[in-house]
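Written below as C-alpha cells is the structure these notes are about.
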Amino acid sequence: MEAANQDKEEEKGTFKENKPEVEKDLVTWTAPGRPFKRRDKQFYLTTISIVGLVSLIIFLAEGAMPVILIISLVFLYYVMSTVPPENIEYKITNKGVKVAGKRTDWESFGRFWFSKRHDSELLIFETFQVPGRMELVIDSNFKEQIKKTLSEYLTEEEISPSTLDKAVDWFSKKLPN
C-alpha cells in the first residue's frame, strides 16, 4: 500500500527533485544598446578621403565588387555613428543574462571582464558561440553589484586581445576624434 502511495506522489510530481527552479532577477539596469559617440565633420572627411584612396587602388587591382563592399561598410558605420541607440533593459538572473527579454544561459559563457569604449562602461562575456563575445553597456553605478553577482557564476579574467582587436585599436587611434 505504501508503494502505491509513493507511485501516486511520483505521478503528481510532488517530489522536490522534479520541481524546476524559479528564475529570479539578481541585478537589473537600463542602458543604451551599444556604445555611442557622435563624430564631427572632420572625422567623416578624413574617413571618406582614406576610403576613397583605398577604393581607387582596390578598383584598379580587383574591380568594382570589393569597392561596393567597402562603401557599404562605410555607410553602415556612418549610420551607426549618427543614430543614437535606444535604451534597453539588462538583467542578470540565477539562470543567465537577459538582454531586452532574451536570455542566454550560464552554460554559454566562459569568462567575464569590464572595459571602456567611447566613454561607456562595458561588461564583456566570452561566449562559446559565434562571434565569441557578448558586450553589454552598463551603468557605472551598478558595476560593483554586477561584479559581485557574476563572480558566483563565472570567472573574472580578461582574455588577451586578438590580432584583429589590436589592428582595430591601432587604426582607431590613427583617426581623428
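Quick look at the values:
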item	result
Of all residues making up segment 124-170, the number that are part of a helix (DSSP H, G or I), touching a residue at least 40 places away in the same chain (Cβ under 8 Å) and among the β-branched types (Val, Ile, Thr)	2
Qualifying residue in segment 52-74 (condition: at negative phi, out of contact with any Leu (no Cβ under 6 Å at 6 or more places or on another chain) and of a type in the set (Phe, Trp, Tyr))	yes
Candidate set from segment 74-116 (those that are β-branched (Val, Ile, Thr) and surrounded by 11 or more Cβ atoms within 10 Å (Cβ to Cβ)); member that is farthest from Gly132 (Cα to Cα)	Thr82
Pairs, first under 30 Å from Phe114 (Cα atoms) in segment 35-64, second in a loop (DSSP other than H, G, I, E, B), C-beta under 6 Å, six or more apart	Pro35/His118; Phe36/Pro84; Phe36/Pro85; Lys37/His118; Phe43/Pro176
Some residue of segment 56-79 being in a loop (DSSP other than H, G, I, E, B) and either of a type in the set (Ser, Thr, Tyr) or under 25 Å from Lys143 (Cβ atoms) (or both)	no
Members of segment 16-73 found to be within 22 Å of Val99 (Cα to Cα), of a type in the set (A, V, I, L, M) and loosely packed, with under 15 Cβ neighbours inside 10 Å, listed by number	Val22
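Table: residues versus (1) in a helix (DSSP H, G or I); (2) aliphatic (A, V, I, L, M); (3) under 30 Å from Phe142 (Cβ atoms).
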{"residue": "Ala31", "(1), (2), (3)": "no, yes, yes"}
{"residue": "Arg34", "(1), (2), (3)": "no, no, yes"}
{"residue": "Gln42", "(1), (2), (3)": "yes, no, no"}
{"residue": "Thr46", "(1), (2), (3)": "yes, no, no"}
{"residue": "Leu53", "(1), (2), (3)": "yes, yes, no"}
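Bear in mind that the values in this text are calculations on the coordinates, not laboratory data. The structure presented is a predicted model; accordingly, all values stated were derived computationally and were not measured. Positions of Cβ are generated from backbone atoms using ideal geometry, with glycine treated the same way; all protein chains shown enter the neighbour counts.
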